[in-house]
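Take a look at the structure set out below.
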Amino acid sequence: MKAIELTAAKLDAFRATTIATPEPQRGEVLIRQRAASLNFVDVAVASGNYRVPGFPLIPVADGAGEIVALGEGVTDFAVGDRVVAHAKPRWIGGPPRPNEMTQMRGISLPGSLAEYVALPANSLVPVPARLSFEAASTLPIAATTAWNAVRAADVGPGSVVVLLGTGGVSIFTLQLAKAAGATVIITSSSDEKLERAKALGADHLINYRATPDWDGKVLELTGGLGADLVVETAGTATFARAVNATAPGGTRGTLAMNRAGRGVSAPIRNCRRRDQASLTTSRSGDPGDVDQASLATSIKQA
């Protein structure tokens with residue numbers, strides 16, 4: 001089969017190649033890949049900012065396709081079914097074990113830039129007819145992270161959600177939060193991106209270049225209370241302000257990656273008044289959860 005390999009931690013180290021088509025083992029299915037979706041982690045791998053076991057590897061974690069063969073013992077799927085795979089296919093549910101966390105597509109397992117991939121059937125979710133392969137391929141990492149954040153904070157009518165930036169997780173969280181009846185405040189350095197977020201339902205827009213103390217603006221917009229959920233995406237650069245913008249008893253979702261093994265620290269001298277807030281981190285979930293949420297609320301991926 002045809003595939004694209006990454007041969008080193010460099011953006012110019014991709015090569016087209018031909019390798020053996022995998023055979024589905026017991027409990028696995030063979031999927032013909034139809035679409036792939038790029039995430040930050042994929043860029044980090046290709047630029048040397050995310051450690052991998054070795055090269056070459058088949059990159060890109062997220063993808064969707066159709067089943068073309070079944071391994072022994074697979075009864076929940078049939079040839080021709082359209083499916084999307086979990087980015088960490090060995091982690092089926094519950095608290096992840098170390099070996100389950102390290103097994104990730106595009107890093108230690110073959111990713112989506114190949115014609116075919118063999119994966120455990122219990123790591124797959126059927127793709128509804130209303131979704132294209134391209135739309136379904138965006139669900140595993142970004143959408144499930146957004147869903148976990150919304151679910152962890154119990155977002156609903158009357159909730160206030162703050163989103164930092166307009167990346168995939170923020171935009172999915174925006175749509176899910178609005179579907180749940182929340183008020184959404186979103187930040188960006190681009191007025192153009194803020195207007196696009198407004199078209200998707202954002203209630204309040206903050207350009208953090210024009211308003212560096214954006215946490216103060218959040219407190220102003222919320223009458224000094226802060227937000228019920230803050231989805232923080234930049235780590236040390238925004239962590240302290242994210243804490244300050246969180247309401248007592250609220251939730252922060254922190255998605256930043258520690259690049260190349262560098263230490264992470266953040267000043268919290270101004271955050272004591274928020275010490276009742278809980279801290280959550282990004283973790284994978286079931287892509288089917290997100291699809292059920294989008295199906296129930298008629299969300300269309302942006």
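The values are calculated or read from the model by the stated rules, or taken from the named source; none is laboratory data. All of these numbers come straight from a predicted model, not from anything done at the bench. With ideal geometry, Cβ positions are generated from the backbone for all residues, glycine too; neighbour counts draw on all protein chains shown. Each accessible area value is taken on the protein alone, full model and side chains, heavy atoms only, with ligands, DNA and RNA left out. Shrake-Rupley method; radii C 1.70, N 1.55, O 1.52, S 1.80 Å.
Things worth noting here:
- Cβ-based net charge around Ser189, under 15 Å, with every Lys or Arg adding one and every Asp or Glu removing one: +1
- The alpha-carbon atoms of region 1-106 define a convex hull whose volume equals 119 cubic angstrom per residue.
- Per-residue ³J(HN,Hα) for region 183-198, Karplus 6.51 cos²θ - 1.76 cosθ + 1.60, θ = phi - 60°, Hz, x for Gly and Pro: 8, 10, 10, 10, 10, 6, 8, 10, 5, 4, 5, 5, 5, 5, 5, 4
- Over the C-alpha atoms of region 59-207, the Rg to Rh ratio, Rh being the Kirkwood estimate, stands at 1.04.
- Total formal charge among the other residues, if their Cβ is under 12 angstrom from that of Ser108, Lys/Arg +1 and Asp/Glu -1: +3
- For region 132-227: Kirkwood Rh in Å [reciprocal of mean 1/r, alpha carbons]: 13.6
- Computing FRET efficiency as 1/(1 + (r/R0)^6) for Glu66 and Asp154, where r is the C-beta to C-beta distance and R0 is 41 Å, gives about 0.65.
- Neighbour net charge for Thr173 - beta-carbon separation under 13 angstrom, K R +1, D E -1: +1
- Measuring max minus min along each principal axis, the C-alpha atoms of region 52-102 give extents of 33, 29, 19 Å (largest first).
- Thr102 contributes an accessible area of around 80 Å² to the protein surface, as traced by a 1.4 Å probe with all chains present.
- The string of couplings for region 231-245 from the Karplus curve (6.51, -1.76, 1.60, θ = phi - 60°) is 9, 9, 10, 10, x, 4, 5, 10, 4, 4, 5, 4, 4, 5, 7 Hz, one whole number per residue in order, with x for Gly and Pro.
- Linear extension gain, Phe77 paired with Ser47, 0.36 nm per residue minus alpha-carbon span: 7.1 nm
- For the set Lys88/Lys217; Lys178/Lys217; Lys10/Lys193; Lys10/Lys88; Lys88/Lys198, the pairs lying more than 31 angstrom apart at their alpha carbons are Lys88/Lys217; Lys88/Lys198.
- If R0 is taken as 41 Å, the Cβ-Cβ distance between Ser189 and Arg97 corresponds to a FRET efficiency of 0.55.
- Phi-based couplings in Hz for region 93-105 (Karplus 6.51, -1.76, 1.60; Gly and Pro marked x): x, x, x, x, 7, x, 5, 6, 6, 7, 8, 10, 5
- Averaging Cα coordinates gives a centre for region 114-139 and one for region 1-47; these two points are 15 Å apart.
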